[in-house]
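A.B. asks: Below: one structure in structure tokens.
The values are calculated or read from the model by the stated rules, or taken from the named source; none is laboratory data. As the structure is a computational prediction, the values presented were derived from the model and not from experiment. For neighbour counting, all protein chains shown are included, and Cβ atoms are generated from backbone atoms with ideal geometry for every residue, glycine included. For accessibility, only protein heavy atoms count, side chains too; no ligands or nucleic acids. Shrake-Rupley method; radii C 1.70, N 1.55, O 1.52, S 1.80 Å.
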Amino acid sequence: MRALYETIKAQLARIDFEAIWPGFTPVPFALVGSDQVYLDGREIPKGDGFWANTSMEFEGAALATWCVDKPETEDPELLAANIVHEMFHAFQSTRWAGEGGDEFALMAYPDDLTAYRIKAAEISFLLNAYTNSDPAALTDFINLRKSRAAILGDAIIPELISEEGEGTAEYAGLEALKQLSHEKYEKLINESHIPMLTDPEKLFSVRFISYFTGAFLCLTLKKLGIDFYHSLGDPRPLFEVISGSDTLAEGFQRHYSNKKAKFDDFLTAPHKVIEKNAKITGFDPMNMWRLGNQYYCARFVNLDGEGIPGPVILNLKPGSTSQVVGIVLHLSK
């Protein structure tokens, strides 16, 4: 056990804790055997306080603990990542212990089939967002979660707090493992965590599944470049932080700015306006945008059957979606 302890200590020294979460720093850890507790440089008899994989107060400071039955079978990198999970609970400090510890409220989660169906769909969208780096799927996840919250009311709050507490800690452990062994990280994600999320039986254990929904929410947000790091003193759980933030508003603003820039770039260059009364009879919807009473057609547009190559701007008849009253062309055309 002492040799394993020293190996884990060396693995933890390889981890950049700040890269996992701003301000995150390691705390002392202990390996708990059947009758002895192994600390840094010493052993003590196992007392009543050492009974679980957890973060606890010991001798006036935080201590991450992990129970080990057979040290010879432990994978040091996986074990180090698990200990980082517990260290993150110490980082969360009294917030998790004070607000997230209402296990009885989690056990009272409503037996509502509709809510569980929505939750299953949420997970599907979340995995799609993670696997395909798809922001639209993340938006669908957020919207479905909000609809389930409307059904459950305050009953969803303990779940969100559990997702904040255990989910972010699981994310921290996964990020630590990725630093130690990217191969083992991918194996754990694909052979353990995703199967957990897609196992219908696991869905009904709300506390258990929160480890994985919370972790994958963090992993997805990181993949998409969305800032989700927040003060762990923030009274809102992770989901409320990201769904109540300006993340979607910022995305909309980028979308609108990009669209407006297409019109601005076109119209600031020398151009001419030709009056033309015609109906749009063909277009490329994936490369055509509307702003006010104008369409920007990047590739082409057909007016009364006549093909016009893009880029071109169309002036619309007020109140119409397809009747054109003018064409804006670059003077070079």
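A.B. asks: For the chain, which whole-number percentage of the solvent-accessible area (1.4 Å probe, protein heavy atoms only) is attributable to carbon and sulfur atoms?
C.D. replies: Looking at the chain in its full context, I get 54 percent from C and S.
A.B. asks: Hey, another quick one. Any aspartates and glutamates with Cα under 18 Å of the Lys187 Cα? List them, leaving off those in the same chain fewer than 8 positions away.
C.D. replies: Cα-Cα hits under 18 Å: Glu74, Asp75, Glu77, Glu170, Glu175, Asp199.
A.B. asks: Mind scanning Lys146/Lys184; Lys119/Lys259; Lys9/Lys222; Lys46/Lys119 and naming the pairs with a C-alpha gap bigger than 31 Å?
C.D. replies: Lys146/Lys184; Lys119/Lys259; Lys46/Lys119
A.B. asks: Might you report the magnitude of the Cβ-based charge dipole of segment 24-156 about its Cα centre, with Lys and Arg at +1 and Asp and Glu at -1, to the nearest 20 debye? Write down the numbers at each step before the final one.
C.D. replies: Working: 9 positive and 21 negative charges, 116 e Å.
Dipole size: approximately 560 debye.
A.B. asks: Right, another one. Quick one: if the Förster radius is 25 Å, what FRET efficiency do Ala298 and Lys272 give, using the C-beta to C-beta distance and rounding to 0.05?
C.D. replies: E(calc), rounded to 0.05, equals 0.85.
A.B. asks: Return one whole number: the accessible area per residue of segment 58-173 in Å², for a 1.4 Å probe.
C.D. replies: 42 Å²
A.B. asks: Mind sorting out which of [x] 1.37; [y] 1.06; [z] 1.21 is the real Cα Rg over 2.2 N^0.38 Å computed from the coordinates?
C.D. replies: [x]
A.B. asks: Moving to a separate point now. Farthest toward the dipole's positive end in the chain, which of Leu126, Leu78, Tyr185, given Cβ charges of +1 (Lys, Arg) and -1 (Asp, Glu) about the Cα centre?
C.D. replies: Leu126
A.B. asks: Report, in deg cm²/dmol and to the nearest 500, the calculated mean residue ellipticity at 222 nm for the chain, where each DSSP H run with n ≥ 4 adds -39500 (n - 2.57) and the sum is divided by the residue count.
C.D. replies: Using -39500 (n - 2.57) per qualifying helix, the result is -15000 deg cm²/dmol.
A.B. asks: While we're here: How big is the charge dipole of the chain about its Cα centre, in debye rounded to the nearest 20, if each Lys and Arg gets +1 on its Cβ and each Asp and Glu gets -1 on its Cβ?
C.D. replies: 2160 debye
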